[in-house]
Structure formats: C-alpha cells, structure tokens
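Have a look at the structure below, then the notes.
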Amino acid sequence: MTNPEPNAAAILARILDTAQPGSLLCCGKTALDVARLWCDRKPDTSLQTLDMSDPNAGLPPDTVKDLALVTDTLEHLPFDEGALLLGQLRNYGTHQIAVLVGETPGWAFTDFIGLGFRRHAEIDTHQGPLTLYTYNLDTYNHKRAWNNPDNWANPEMWGKAWW
C-alpha cells in the first residue's frame with residue numbers, strides 16, 4: 001500500500017494545526033480555501049484576505065498577523081511585486097509565513113533565502129511540483145555564540161574605554 005500523494009491543502013492544514021494562529025492572512029485560492037475551513041473550526045480566528053489581482057491591493061502598515069499563507073500568487077506576479085509582498089509581510093511583523101510556489105523562472109532558491117525564508121519541502125502534486133518555503137520570526141535569526149563581548153579581542157575593556 002502506498003502513501004497518498006500530499007496536496008497543497010493538506011500541507012497548509014498541517015501548518016495551521018501546528019501554528020494555531022489567532023489571526024490569519026491568506027493570499028491565493030488554495031490558501032483561502034484552507035483558511036476558511038480553519039475558521040469554520042476556530043471561529044475566533046480573524047481572517048484577512050489579500051487579492052493580488054486587484055491593482056489597488058496592498059498591505060496596510062498595521063497588518064500584524066500570526067500566520068500568512070501565500071499560494072497561487074508568486075507565479076502570476078512580476079518578481080518585484082512578489083518580493084515586495086513577501087518583504088512587507090515579513091517587515092510588518094507577521095510571525096510566520098508559509099509560501100507554496102510552483103516552478104517559476106522569475107524565482108530562485110536564493111531569492112527566498114535572501115528574504116529570510118527556509119525551504120522545507122518539495123512536493124510532487126498532480127498539478128506539478130510545488131516548493132514550501134517558510135519564515136518564522138522567532139527562529140529565522142539564530143543567536144550566535146561569538147556575538148558577545150566574551151569573544152571579542154579585548155573583553156576586559158568592554159564598557160571601560162571608548163575610542
């Protein structure tokens with residue numbers, strides 16, 4: 001017996017179950033379908049949708065959400081607009097972001113890494129291959145042991161001399 005093929009909705013549902021968001025932003029048809037099912041189960045979750053096909057669409061600066069789901073979007077946007085969308089989500093303080101993206105010539109692995117995302121999975125679906133990238137505000141910038149005065153050239157001078 002083989003395992004059933006994973007689909008985008010099941011992956012996003014698993015992310016929602018893990019994150020347990022109180023506020024949710026979704027962009028894209030698959031993200032919206034999964035988010036609506038989640039909100040039916042958890043009616044106290046606030047849901048905001050973003051339609052990037054609307055030329056006036058954009059994020060207000062006070063958009064801070066627990067989780068943002070982005071699907072079926074980056075494939076249809078110019079790179080600059082897609083990078084702006086992900087950058088705004090990240091910079092406005094969205095705690096976690098999950099992006100499912102198909103093969104697009106405008107986007108490369110390094111583009112997502114440059115925005116602070118991690119590649120988590122590559123999924124083969126009947127609609128074609130998808131890649132899951134995630135961003136988590138709490139873990140994207142790990143603490144470095146060397147970034148403290150104990151490991152500097154003259155730790156005994158910390159706070160004593162200013163040059």
(message) At a 10 Å Cβ-Cβ cut-off, how would you order S23, S46, fewest neighbours first?
(response) S46, S23
(request) Kindly put M157, M52 in sequence by how many other C-beta atoms sit within 10 Å of each C-beta, fewest to most. (result) M157, M52
(message) Along the Cα→Cβ direction, 7 angstrom out, place labels at D138 and S23. What is the inter-label distance in nm?
(response) 1.7 nm
(request) For segment 34-138, evaluate the Debye formula with one uniform point scatterer on each Cα (no solvent term) and list log10 I(q)/I(0) at q = 0.15, 0.21, 0.22 Å⁻¹, rounded to two decimals. (result) -0.65, -1.28, -1.38
(request) Take L37, L115 and order them by how many other Cβ atoms sit within 10 Å, fewest up front. (result) L37, L115
(message) If I model a spin label at K42 and T104 as a point 7 Å from the Cα along the Cα→Cβ vector, what separation in nanometres do I get?
(response) 2.6 nm
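Every read-out reported here was derived from the displayed coordinates using simple, explicitly stated rules and does not represent laboratory data. Just so you know, these numbers come straight off a predicted model, no measurement behind them. Cβ: placed from backbone, ideal geometry, glycine included. Neighbour counts: every protein chain shown.
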